[in-house]
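Read the figures in this text as sums done on the coordinates, not as results from a lab. In this text, all values refer to a predicted model and were calculated from it rather than measured experimentally. Neighbour counts run over all protein chains shown; Cβ positions are idealised from the backbone, glycine included.
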Amino acid sequence: MKLMKCKRSILILISLALIFALGVMTSIAQEKQIRDFLKGKVTTPGAQTTWKGKTFQHTTKVEMVPIPDAEGHMVGMFVREGVNTYEDGEQGWNKTVIIWDGTKGVGSFSQYTTVTFQDGSTTISHTKGTGSGPTAQFSGEIIYGTGRFQGIKGTVTGTAKNLPPEKGEIIGKALSEWTLTFTLPPK
């Protein structure tokens, strides 16, 4: 009986030691995440900053009109929404409104993208580009920001891969990679 109580006591002590060790490791990992976040996202007003990231979007709205001057010529507007993921792990919700003019999947577009970050700050960019079937290239300017991005000015360049539409979709999902280069005004 005493041997069983002794084994239980040892088991309890080992369990408590493991819980304590895991707690310390978790705390250290969280502190590292905070330090990494601050290193990557605290920008010096007036200094140029570059961020790289990726976006996964799905199409939420489509209005396309055929133009009868050529087979497959379409003009339209569609909206894509999804998640931006930055190199340091920060994320933002992306909503892009795209105006398209193309023939058989090849053409030009103009788009406005609003990104809302977890702290409520936003950026808006206006880019133009060309698409050729499953790929597109775009570039433009960051034109507006709120919160920590108040007064932002900069550029955006990127590429997108359009995935084939799934059943029930007119326009498929998109995967994008992009680079932002910007400055914030002095406070």
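Some notes on this structure:
- Label-point separation, residue 95 to residue 48 (7 Å along Cα→Cβ), nm: 3.3
- Spacing of the modelled spin labels on residue 9 and residue 155, each 7 Å from Cα toward Cβ, amounts to 7.2 nm.
- Relative exposure of 121, 176, judged by other C-beta atoms within 10 Å (fewest first): 121, 176
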